[in-house]
Amino acid sequence: MKFKFVSFIFAICLCFFSCSSALNNSEQKAQAETIRNLGEAYLAAGNPTLAIRELLKADSMLPNDPYTQNGLGLAYLSRGIIDKSIFHFKKAIELKPEYAPAINNLGTAYLAEGNWDMAIETLTPLTKNILYATPHFAESNIAYAFLNKRDFLRAEKHYKNSLELYPNYITALRGLCVVYRQTGDYRSSLSSINRAIKYYPKNGELYLQKANTLILMGEKEKAKKEFLNAVSFGNDDVVEEAEMALKNI
């Protein structure tokens, strides 16, 4: 009888510790996700340093979460720490092989590294993935890789593929402008950038690209006007480049 009573108590204890452990794990997961969300908020606000701090905390609590790994990859990429960003994107994909945004982000990290071939290899499957919601990102990123490889025909093809999927995608429109300028098709370059300006009239970089094309066409006065627009609407880097160009006209 005593044996049965002890066994009963032992069973209750096992149940208590098992339930307690499950509760603790559930609470820890919820806490880790809250911290991850805070890290992602810091990243969205443009503070990758604080994002890394919070995401590393979340990672220590929930090490096999692909979303935390992807967040860390983006934060390190924002800081220009490419090797760590690639590591975390790869880990996110290892944990969730069909995680399309992480695959695209890995391809973007390879672009930042200047590893054009790996970027193309990584991103190409996304263009055939019917479940991927934003394939125009992958197409445009592939185009950028081909542009840097000076394979202008393929760059043009993939930028056009991107625009078929998302007609006013600024990155693809700007990229086509550069492709056509590189190949000497200045009319098409202007057409592409004017289309972009129609959608995004307060983007200073677009005016800078237009001005650069006009300079090659010998249209210095028109280019001057666009450089001034670039100064009016551009960020610090665009303003600096435009002001330097104005001095040389």
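Against the condition of a type in the set (S, T, N, Q) and surrounded by fewer than 19 Cβ atoms within 10 Å (Cβ to Cβ), how does residue 248 come out, does it pass? So residue 248 passes the test.
Taken over region 156-190, the criterion of being over 16 Å from residue 216 (Cβ atoms) and outside any helix (DSSP H, G or I) is satisfied by 166, 167, 168, 169.
To keep it simple, each residue is scored yes or no on (1) farther than 19 Å from residue 138 by Cα; (2) among the aliphatic types (A, V, I, L, M).
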{"residue": "69", "(1), (2)": "yes, no"}
{"residue": "73", "(1), (2)": "no, no"}
{"residue": "81", "(1), (2)": "yes, yes"}
{"residue": "92", "(1), (2)": "no, yes"}
{"residue": "99", "(1), (2)": "no, no"}
{"residue": "106", "(1), (2)": "no, yes"}
{"residue": "109", "(1), (2)": "no, yes"}
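The residue list 170, 197 contains one member that is closer than 30 Å to residue 121 by Cα and in contact with a Leu (Cβ under 8 Å, 6 or more places away or on another chain), which is 170. Filtered by the rule that a residue be under 11 Å from the mean Cα position of the chain (by Cα) and not polar (S, T, N, Q), region 72-104 gives 73, 74, 75, 77, 101, 102, 103.
Yes/no per residue for (1) at pLDDT 95 or above; (2) in the same structural domain as residue 67 (by TED's automatic domain parsing); (3) surrounded by fewer than 24 Cβ atoms within 10 Å (Cβ to Cβ):
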site: 109; (1), (2), (3): yes, no, no
site: 118; (1), (2), (3): yes, no, yes
site: 124; (1), (2), (3): yes, no, yes
site: 129; (1), (2), (3): no, no, yes
site: 132; (1), (2), (3): no, no, yes
site: 136; (1), (2), (3): yes, no, yes
site: 139; (1), (2), (3): yes, no, no
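Flag not set for residue 188, criterion: of a type in the set (S, T, N, Q), buried (at least 20 other Cβ atoms within 10 Å of the Cβ) and either under 30 Å from residue 132 (Cβ atoms) or modelled with pLDDT under 95 (or both).
Looking across region 45-56, the residues that are part of a helix (DSSP H, G or I) and either free of Cβ contacts under 8 Å to residues at least 24 places away in the same chain or surrounded by fewer than 15 Cβ atoms within 10 Å (Cβ to Cβ) (or both) come down to 49, 50, 53, 54, 55, 56.
The values are calculated or read from the model by the stated rules, or taken from the named source; none is laboratory data. Quantities reported herein were computed from a predicted structural model and do not represent experimental measurements. For neighbour counting, all protein chains shown are included, and Cβ atoms are generated from backbone atoms with ideal geometry for every residue, glycine included.
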